[in-house]
Amino acid sequence: MKLMEEVDELRKRKLEAEQEYRNSMPASSYQQQKLRVCEVCSAYLGIHDNDRRLADHFGGKLHLGFIKIREKLAELEKTADKRKEEKRKTRDRDRDDSRDDRYRERHREQYVGGRELDRRSKRHRSRSRDRKEREQRSDRDRDNRRRVILGLILTVSLLYCILSYVSKGDFLDTDEVVPVRRTQPFIWRTLQQHNSTNDAETCRNSVQGKVLIVDDRGFVCPRHEILPSGCCNDTPQTNPQYSCETCRSNNCCAIYEFCISCCLHPDKKDMLENVLGKATEQNNVLFASVTDHFELCLAKCRTNSQSVQHENSYKDPKAKHCYGESAPGTHSIENEV
């Protein structure tokens, strides 16, 4: 009896510890556990992802590739349905001819004279010969259509592989400068403007950092100091604001969170406006979804193909997150030292 009481006591303490852990978990980490599946490519997406993250996904190679596959599948299904319809019509005609032949065969005895029988026999042979020729033509046409469809599929696949190998970039990569079409006005906000509004009780943050987090006010803090509101704890005045630590003069930084914090500085507004004005077609899809200064810095500081030298190696490992106009150049560690 005493042993059972100890077991119940341990279970109760376990439930209390689990509840205490859930209550202490930051809101942003809890939200990351809620996922949904993309209906096109079956990738996992966060339920609370913002428009920028969704734009990254919907403009990616995997999602666009599945869209092309689905479109090609729909075309092939239409072609297959058309072939089935033609085959059904041919089968119906042959069935009607066969029914007529059986009917004439049953009433052959009603005709008098061998001449009439000879004429009917010739017509029967002629119809049989025509039917065989139609079947042969139908088989040849079916084989020709199959060869044409397979040839088109192979040609499209070959062209796709060649273009992918030559371009070595995204489907939307281009150097053409196009204007950004925005559905809603862009918002520039400084720290003073942020504190003067009524929404200072909550903050957005970079979410993904394992060690550091930056909020939309420009404060950088350790992850464990994030408040339930999503803001960095700036009460001790130990967490820097608009920090450009690990950043260089070319507007490239080694750490993602410091890149965002430096990008949020009010002095960077003119440079970022120039970046928006010179957006390429690929960035046009991404920048059209951002609505304010913070989302723009989140998108700019994320590494892209211009920062990658080969697979997982970067052109400059110590400055791979950039918020300026130019991409990071090839950099050697010896020069940095």
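Throughout, read-outs are computed from the coordinates displayed, never taken from laboratory work. This one's a predicted model, so the numbers in the text were calculated from it and none came from an experiment. Neighbour counts are summed over all protein chains in view; Cβ atoms, including those assigned to glycine, are modelled from backbone coordinates with ideal geometry.
Neighbour counting of Cβ atoms within 10 Å sorts the residues GLU85, GLU295, fewest neighbours leading, into GLU85, GLU295. Pairs exceeding 18 Å between alpha-carbon atoms, taken from LYS82/LYS132; LYS300/LYS320; LYS87/LYS132; LYS34/LYS68; LYS269/LYS320; LYS89/LYS132: LYS82/LYS132; LYS34/LYS68; LYS269/LYS320.
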